[in-house]
Amino acid sequence: MADSPLTKVYRRLFDAFGPQHWWPGETPFEVIVGAVLTQNTNWQNVERAMANLRDADVLDPRALSHVPVEELEELIRPAGYFRVKAKRLRSLLEFIMDRYNGDLDVMFQTSLSDLRCQLLEVNGIGPETADSILLYAGELPTFVVDAYTFRVFCRHGWIGFDADYHQLQDYIQGALPQEVPLYNEYHALLVRLGKDFCRKSKPKCDLCPLRAMLPKGGPLEPE
């Protein structure tokens, strides 16, 4: 891997935190469901909802598509916004069943650009959720951008605070090799950094593994 500024960031984070073993999920379909359930909540709540689905033995596309919506809402209630997420899951399941007959292997053989466009047409699936599905379930090379990524990159001055999702994604992907394991680990390391150090309020800049890479005067903030 070439020694670019972003690869230096990766090495510092990996040396500090080690491998993160992402994404939690025993099967690609579990990863897909988790990507929807984790919207606007923390992973602990998602794990409780996933446990309910696992106990009900419905964690495959065909089985889950036959669960009545009211029952699905109760199963995923711990993840919060359960009515909204139940609708989003049903929309995603309809897409998987109607277009790919529930076969994830066939779905992930679709070209990355085509499948990403298809996913973004599903109600409730935005860029972050789509890219999480593509990278972590489909093992396709697309970088997942989230609030932690924005915060870290903006505060260090690597991208402007007015950048949108795809501008930041293009910046990162343009600076790194298109390698699934690298994208996987890098995103997970940025999440760890954002949770433990580059927090929204009261960041721990003095203890941050990237403290030497901050601009003079400290982290940048939007004007």
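Normalise the Debye intensity by I(0) for the stretch 122-221, one equal point scatterer per Cα, no solvent, then take log10 at q = 0.10, 0.13, 0.19 Å⁻¹ and round to two decimals. Treating every Cα as an identical point scatterer, log10 I(q)/I(0) equals -0.28, -0.47, -0.95. Which one, Ala188, Gly218, Gly157, is farthest towards the positive end of the dipole of the chain when Lys and Arg carry +1 and Asp and Glu -1 on their Cβ? After comparing all options, I get Gly218.
Looking at the stretch 115-165, the chymotrypsin sites (Phe, Trp or Tyr not before Pro) that sit in a DSSP loop and have at most 14 other Cβ atoms within 10 Å of their own Cβ are Phe161.
Pairs exceeding a 32 Å alpha-carbon distance, out of Lys85/Lys216; Lys8/Lys85; Lys8/Lys87; Lys87/Lys204; Lys8/Lys200; Lys85/Lys204: Lys85/Lys216; Lys8/Lys85; Lys8/Lys87; Lys87/Lys204; Lys85/Lys204. Amide H contacts of Gly102 (H built 1.01 Å from N, in plane; Pro and chain starts excluded): Met97 sit under 5 Å, all sequence-distant by 5 or more or on other chains. Under a model in which nothing but the beta-carbon of Lys, Arg (+1) and Asp, Glu (-1) is charged, the chain shows a dipole of about 1040 debye around its Cα centre.
Taken about its Cα centre, the stretch 28-137 carries a charge dipole of about 300 debye when Lys and Arg each add +1 at the Cβ and Asp and Glu each add -1 at the Cβ. For Val67, no residue whose modelled amide H falls within less than 5 Å of its own remains once neighbours fewer than 5 places apart on the same chain are excluded. Rg/Rh for the stretch 28-137 (Cα atoms only, Rh after Kirkwood) is 0.93. Computed per residue of the chain from DSSP H runs no shorter than four, each worth -39500 (n - 2.57), the mean residue ellipticity at 222 nm is -16500 deg cm²/dmol.
Sequence-distant or interchain residues sharing an amide H contact under 5 Å with Phe143, placed H: which? Amide H neighbours of Phe143: none.
Values in this text are rule-based calculations from the coordinates and carry no lab data. Being a predicted model, the structure only gives us computed values, none of them experimental. Neighbour counts are summed over all protein chains in view; Cβ atoms, including those assigned to glycine, are modelled from backbone coordinates with ideal geometry.
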